[in-house]
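K.L.:
The structure is given below, and queries will be raised subsequently.
The values are calculated or read from the model by the stated rules, or taken from the named source; none is laboratory data. Source: prediction; values computed, not measured. Here Cβ is always computed from backbone atoms with ideal geometry, including for glycine, and neighbour counts include all displayed protein chains.
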Amino acid sequence: MPNILIIDDERSIRNVLKDILGNEGYKVDEAADGEEGWKKFSSSSYDVVLCDIKMPKMDGIEFLGKANELNPEVPVIMISGHGNIETAVDAVKKGAFDYISKPPDLNRLLITIRNATDKNTLVKETKVLKRKVTKVQEIVGESEAVKKIKETIEKVAPTDARVLVTGENGSGKELVARWLHEKSSRSSNAIVEVNCAAIPSELIESELFGHEKGSFTSAIKQRIGKFEQANGGTLFLDEIGDMSLSAQAKVLRALQEGKITRVGGDKEINVDVRVVAATNKDLLKEVEAKNFRLDLYHRLGVILIHVPSLNERRDDVPLLVGKFLQDIADEYGQAIKDMESKAVEALKKHNWTGNIRELRNVVERLIILSGKTITLEDVENYVLPK
């Protein structure tokens, strides 16, 4: 039931509005002036506010400014018997959801309130969905290697030190990068990911630094690169070992000077970016093979974090299986399945060449193909090689 606050110094107006809105199913609270309204607004939760403009102690425009500063998501509908077009425009410019003249047209008032509550509901739902989408998965495990990673993240994340994360494909390098961002002072800004292995070498510079219109044949408009998109936040360079040498040179300059230049441009652009890089390659061997710059390696690797393979942390398999059983059941909207201890033990002994990514796929496969309980026979049939 939406909760509405009416702020008006005319008792008769408050009573009429309270009766009408109450009959429509709204929960209504009231205040006799702006000061009383502000006390109630700042100490309680409301879905919509109806606020008079001309009031003693604190007028409606002053209340509107304070309300928008405290909680801009709550729609404030201004009402006044002294209004004109200029007043209405001024109120809307200052953040009012809408403006209604006294005496209010009841149909228009109810439609406006309904639109305001719908907007508020959408805002809340969007925030919930955004939290679900952007929520960082937990780093699951109690092995010594995982404990060390968590401790390192706690120490390093609050700093701006660049981090190089190493480990096999599917071992969880991206998750480490996201936790470094989540626990940093930059977490309110974006973490922008670039998969260096997935972008052709001739396009990687445009992807990272952007380009100006006409800088090459297909550059039909200006493009903002990942460095600029991540300004104030974190840039995650995944599979950095696959980056071309020419792009490496430009990344090195960007790290040294905090400036980039778009492809085809000559203007230097300041960027404030924390770089976290990841690779499944031995970069020092790549340096020896002249595929990677040693100076860039040292720039990136201020802090080194190695993520062990799943085969190196088999004792964490039961915890990971339990987590995936719950997550996948939630995704499918069904009850969580049990797994026999013998089945879990069999999974612990499996050779996990695809690491955690492979384990999650296996758990999903078992959930789909097994009965109410996942048995050792299920594991033997659907996971273990014949």
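K.L.:
Kindly provide the set of residues from region 37-50 that are closer than 19 Å to ASP118 by Cα and at pLDDT below 90, ordered by number.
P.N.:
Hits for region 37-50 are SER45, TYR46, ASP47.
K.L.:
Could you check how many residues of region 347-358 are in a helix (DSSP H, G or I) and surrounded by fewer than 18 Cβ atoms within 10 Å (Cβ to Cβ)?
P.N.:
4
K.L.:
Can you tell me which of LEU319, LEU384, LEU325 is touching a helix residue (DSSP H, G or I) at 6+ places or on another chain (Cβ under 9 Å) and either part of a helix (DSSP H, G or I) or of a type in the set (Lys, Arg) (or both)?
P.N.:
LEU325
K.L.:
Now for a different question. Can you work out which of the residues in region 306-346 that are under 28 Å from LEU180 (Cα atoms) and polar (S, T, N, Q) is surrounded by the fewest Cβ atoms within 10 Å (Cβ to Cβ)?
P.N.:
GLN326
K.L.:
Shifting gears a bit: Which of the residues belonging to region 141-163 are over 19 Å from VAL276 (Cα atoms), of a type outside the set (Asp, Glu) and either surrounded by 19 or more Cβ atoms within 10 Å (Cβ to Cβ) or in contact (Cβ under 8 Å) with a residue 60 or more places away in the chain (or both)?
P.N.:
Those that are over 19 Å from VAL276 (Cα atoms), of a type outside the set (Asp, Glu) and either surrounded by 19 or more Cβ atoms within 10 Å (Cβ to Cβ) or in contact (Cβ under 8 Å) with a residue 60 or more places away in the chain (or both): GLY141, SER143, ALA145.
K.L.:
If ASP330 satisfies all but one of (1) in a helix (DSSP H, G or I); (2) in contact with a helix residue (DSSP H, G or I) (Cβ under 6 Å, 6 or more places away or on another chain); (3) more than 19 Å from LYS173 (Cβ to Cβ), what's the number of the condition it fails?
P.N.:
Among (1) in a helix (DSSP H, G or I); (2) in contact with a helix residue (DSSP H, G or I) (Cβ under 6 Å, 6 or more places away or on another chain); (3) more than 19 Å from LYS173 (Cβ to Cβ), the lone unmet condition for ASP330 is (2).
Listed here are the residues, each with its yes/no results for (1) on the phi < 0 side of the Ramachandran plot; (2) of a type in the set (Phe, Trp, Tyr); (3) modelled with pLDDT of 95 or more.
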{"position": "ILE303", "(1), (2), (3)": "yes, no, yes"}
{"position": "ASN311", "(1), (2), (3)": "yes, no, yes"}
{"position": "GLN334", "(1), (2), (3)": "yes, no, no"}
{"position": "ASN355", "(1), (2), (3)": "no, no, yes"}
{"position": "ASN381", "(1), (2), (3)": "yes, no, no"}
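K.L.:
Suppose we keep only residues that are of a type in the set (S, T, N, Q) and touching a helix residue (DSSP H, G or I) at 6+ places or on another chain (Cβ under 8 Å) within region 129-156. Which one would you say is modelled with the lowest pLDDT?
P.N.:
GLN137
K.L.:
Only one residue in THR159, THR126, THR117 is hydroxyl-bearing (Ser, Thr, Tyr) and either assigned to a strand (DSSP E or B) or at pLDDT 90 or above (or both). Which one?
P.N.:
It is THR159.
K.L.:
Would you mention how many residues in region 188-217 are in a loop (DSSP other than H, G, I, E, B), crowded, with 16+ Cβ neighbours inside 10 Å and not hydrophobic (A, V, I, L, M, F, W, C)?
P.N.:
4
K.L.:
For region 1-30, enumerate the residues that are in contact (Cβ under 8 Å) with a residue 60 or more places away in the chain and outside any helix (DSSP H, G or I).
P.N.:
Those that are in contact (Cβ under 8 Å) with a residue 60 or more places away in the chain and outside any helix (DSSP H, G or I): PRO2, ILE4, ASP8, GLU24, TYR26.
K.L.:
Restricting to region 218-239, what's the tally of residues that are hydrophobic (A, V, I, L, M, F, W, C) and in a loop (DSSP other than H, G, I, E, B)?
P.N.:
So the count comes out to 4.
K.L.:
Between a first residue in region 280-300 that is touching a residue at least 60 places away in the same chain (Cβ under 8 Å) and a second residue that is not in a helix (DSSP H, G or I), which pairs have beta carbons less than 6 Å apart while being 6 or more apart in sequence or on different chains?
P.N.:
Listed pairs, sorted by first residue: ASN280/GLU168; ASN280/ASN169; LEU283/PHE292; LEU300/ARG162; LEU300/LEU164; LEU300/ALA277.
K.L.:
Here is a list: VAL362, VAL276, VAL344. Which entry is in contact with a Phe, Trp or Tyr (Cβ under 9 Å, 6 or more places away or on another chain), among the β-branched types (Val, Ile, Thr) and in a helix (DSSP H, G or I)?
P.N.:
Result of the check over VAL362, VAL276, VAL344: VAL362.
K.L.:
Something else: Out of all the residues in region 291-305, which are assigned to a strand (DSSP E or B) and buried (at least 19 other Cβ atoms within 10 Å of the Cβ)?
P.N.:
ILE305
K.L.:
Restricted to region 272-290, and to residues that are aliphatic (A, V, I, L, M) and surrounded by 19 or more Cβ atoms within 10 Å (Cβ to Cβ), which residue is farthest from SER244 (Cα to Cα)?
P.N.:
VAL273
K.L.:
To continue, here is another question. Output the number of the condition that GLY264 fails; it satisfies all remaining conditions of (1) on the phi > 0 side of the Ramachandran plot; (2) surrounded by fewer than 19 Cβ atoms within 10 Å (Cβ to Cβ); (3) modelled with pLDDT of 90 or more.
P.N.:
For GLY264, the exception is condition (3).
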